[in-house]
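The values are calculated or read from the model by the stated rules, or taken from the named source; none is laboratory data. All figures in this text were calculated on a predicted structure; none of them were measured in a lab. In this analysis, Cβ positions are derived from the backbone assuming ideal geometry, glycine residues included, and neighbour counts consider all displayed protein chains. We work out accessible area using only protein heavy atoms, side chains counted, and drop any ligands, DNA or RNA first. Shrake-Rupley method; radii C 1.70, N 1.55, O 1.52, S 1.80 Å.
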Amino acid sequence: MSEPVQTPQTQFKPRIFSGIQPSGGLTLGNYLGALKRFVEKQDEGIETIYCLVDLHAITVWQDPEKLRQQTREGAAAFIAAGIDPARSVLFNQSQVTAHAELAWIFNCVARMGWMGRMTQWKDKAGKNAEAASLGLFAYPALMAADILAYHATMVPVGEDQKQHLELTRDIAIKFNNDFKVDFFPVVEPLIEGAATRVMSLRDGTKKMSKSDPSDQSRINLTDTADQIASKIRKAKTDPEPLPDTVEGLKDRPDARNLVNIYAALAGHTVEQVIADFAGAQFGTFKPALADLAVAKLAPITTEMNRLMKDPAEIDRILGQGGERAEAIARPIVDQVYDIVGMIRSRR
Ligand code: AMP
Ligand code: TRP
């Protein structure tokens with residue numbers, strides 16, 4: 001893609017932006033790869049902006065009533081996991097029109113070839129790309145707009161979003177070059193921890209996903225303690241006991257996945273978990289993992305259920321977050337119109 005330019009990048013203060021699609025219930029993958037780390041960043045005292053990206057969700061068909069419900073459920077999950085709407089900005093994307101406006105401009109900056117190389121596009125469009133929505137193809141330009149409308153400098157995500165963030169950097173660099181400005185920051189992906197890629201419980205080579213047809217493949221944040229324990233008990237494994245070195249997990253994707261999940265939930269390193277369970281059979285390890293998962297997730301599920309009883313309160317929080325988001329993004333997007341050469345005489 002484009003060559004990096006030398007920009008001073010001094011005027012941007014540390015600001016975190018990230019988003020999750022309300023295209024289904026959230027999974028343990030979302031929790032460990034994203035939500036849990038969103039909370040850590042908030043608690044480190046960095047300015048944090050978190051968004052339920054409903055405009056991204058409709059790049060594939062969504063039933064309107066379910067979309068509304070899932071957006072509220074997503075917001076409840078953020079709050080239940082520890083996002084404090086007073087300290088973080090929490091809102092849904094469509095309430096702030098700056099996202100769609102900047103996305104259009106980025107559609108005119110990004111190149112078809114860049115988009116065509118995105119593995120998520122290739123996976124989601126599948127063999128029948130002709131039938132995919134134009135929005136699905138342009139998806140990464142909207143994601144770049146989400147981030148750059150706030151001049152965000154850091155983006156915590158799971159491993160699967162790395163390529164989209166590289167594209168965000170390319171869009172920022174090309175915009176800066178094309179218009180000879182130093183306007184957009186070149187963002188830094190934050191892909192950290194033991195669980196940047198939580199895998200399916202049925203197939204350790206596939207990502208755990210809210211869109212997998214098998215509910216047994218994932219743990220949902222709405223699952224009961226019994227469901228969590230049963231899914232972990234039935235998770236695919238091999239017949240060997242756990243190894244005594246991390247290298248011993250190398251060609252054992254299912255075992256490695258469960259160890260990574262344990263490490264991320266416990267807040268331990270993978271080395272520590274291996275040291276604690278070296279030589280253990282899955283008959284021992286799985287119940288320990290199930291207990292840990294229930295202990296960590298049950299309080300979140302309980303709090304989510306409590307919050308979901310008052311949808312009006314959730315909508316109020318999202319509206320207030322939207323106003324705060326708007327106050328940051330509006331002046332930035334107005335400057336973009338000026339840079340690009342649009343007449344804005346109504347203001
Ligand atoms: P999505 O559900 O696709 O909107 O993803 C929201 C966030 O969760 C992104 O940062 C993803 O990278 C992260 N994420 C989704 N699935 C997983 C997974 N299986 N493991 C780790 N992170 C994930
Ligand atoms: N594409 C991300 C995903 O599916 C969601 C997303 C949309 C996002 N906009 C974002 C993530 C901006 C980080 C920053 O996981």
* Structure fact -> Treating only Lys and Arg (+1) and Asp and Glu (-1) as charged, each at its beta carbon, one finds that the chain has a dipole about its Cα centre, in Debye to the nearest 20, of 540 debye
* To do: Quickly work out the A288-to-Q272 label distance, labels modelled 7 Å from Cα along the C-beta direction, and quote it in nm with one decimal.
  => 1.3 nm
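Once the piece of chain linking A225 and M112 is laid out straight, how much longer is it, given 0.36 nm per residue of separation minus the C-alpha distance between them?
Numbers: separation 113, 0.36 × 113 = 40.68 nm, distance 4.61 nm.
Additional length available on full extension: 36.1 nm.
Hey, got a sec? Which chymotrypsin sites (Phe, Trp or Tyr not before Pro) in the range 215-293 land in a DSSP loop and have at most 16 other Cβ atoms within 10 Å?
On the way: sites: Y262, F277, F282, F285; in loops: none.
Hits after loop and neighbour filter: nothing returned.
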* To do: Measure out, as a whole number of angstrom, how far apart the alpha-carbon centroids of the range 310-347 and the range 33-83 sit.
  => 18 Å
* In whole percent, how big is the carbon plus sulfur part of the accessible area of the range 215-306, probe 1.4 Å, protein atoms only? -> 52 percent
* Length gained when the stretch E65-V246 is fully extended (0.36 nm per residue, less Cα-Cα span) -> 60.6 nm
* To do: Would you mind working out the magnitude of the charge dipole of the range 215-306 relative to its Cα centre, with +1 at each Lys and Arg C-beta and -1 at each Asp and Glu C-beta, to the nearest 20 Debye?
  => 300 debye
* Distance in nm between pseudo-label sites at K162 and S211 (7 Å out along the Cβ direction from Cα) -> 2.1 nm
* Asked: Once a ≥ b ≥ c are taken as the square roots of the eigenvalues of the Cα gyration tensor of the range 32-110, is the result rounded (a/c under 1.5), prolate (a/b larger than b/c) or oblate (a/b not larger than b/c)?
  -> oblate
* Asked: All other residues with a Cβ under 11 Å from the Cβ of D212 taken together, and with Lys, Arg as +1 and Asp, Glu as -1, what is their net charge?
  -> +3
* Asked: Where does the chain land at 222 nm, in deg cm²/dmol rounded to the nearest 500, when only DSSP H runs of n ≥ 4 count, each adding -39500 (n - 2.57), divided by all residues?
  -> -15500 deg cm²/dmol
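By how many nm would the segment from A129 to W104 grow when fully extended, if each residue of separation counts as 0.36 nm and the alpha-carbon distance is taken off? Can you show the working numbers first?
Working: separation 25, 0.36 × 25 = 9.00 nm, distance 2.14 nm.
That pair, A129 and W104, stretches by 6.9 nm at full extension.
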* Label-point separation, E188 to Q120 (7 Å along Cα→Cβ), nm -> 2.2 nm
* Among A295, I171, L242, which residue has its Cα positioned farthest towards the positive end of the charge dipole of the chain, with +1 placed on the Cβ of Lys and Arg, -1 on the Cβ of Asp and Glu, and the dipole taken about the Cα centre? -> I171
* **Selection from T224, I274, A264, by position along the positive dipole direction of the range 215-306 (Cβ)** => T224
* Global form of the chain, assessed from the alpha-carbon gyration tensor, a/c cut-off 1.5 -> prolate
* To do: Using a 10 angstrom cutoff on alpha carbons, build the Gaussian network for the chain and name the most mobile of L190, L258, L249.
  => L249
* Asked: Which trypsin sites (Lys or Arg not before Pro) in the range 212-248 pass both tests, a DSSP loop state and at most 14 other beta-carbon atoms within 10 Å?
  -> K234
* To do: Would you rank C51, C108 by solvent-accessible area, highest first, keeping every protein chain in place and using a 1.4 Å probe?
  => C108, C51
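Which trypsin sites (Lys or Arg not before Pro) from the range 74-154 combine a DSSP loop assignment with at most 15 other Cβ atoms within 10 Å?
Working: sites: R87, R111, R117, K122, K124, K127; in loops: R87, R111, R117, K127.
Here the trypsin sites (Lys or Arg not before Pro) that fit, given the DSSP loop and packing criteria, are R87, R111, R117, K127.
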* Starting from the Cα gyration tensor of the range 56-193, take the square roots of the eigenvalues, sort them a ≥ b ≥ c, and report rounded, prolate or oblate (rounded when a/c is under 1.5, otherwise prolate if a/b is larger than b/c, else oblate). => oblate
* Structure fact -> Rounded to the nearest 10 Å², the 1.4 Å probe accessible area of F184 is 0 Å²
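Rounded to the nearest 5, what % of DSSP beta bridges with both residues in the chain are antiparallel? Spell out each step's value before the answer.
Numbers: 2 of 16 bridges.
Here the antiparallel bridges make up roughly 10 percent for the chain.
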* Radius 14 Å from Cβ of A312, net charge of other residues (Lys, Arg +1; Asp, Glu -1) -> +1
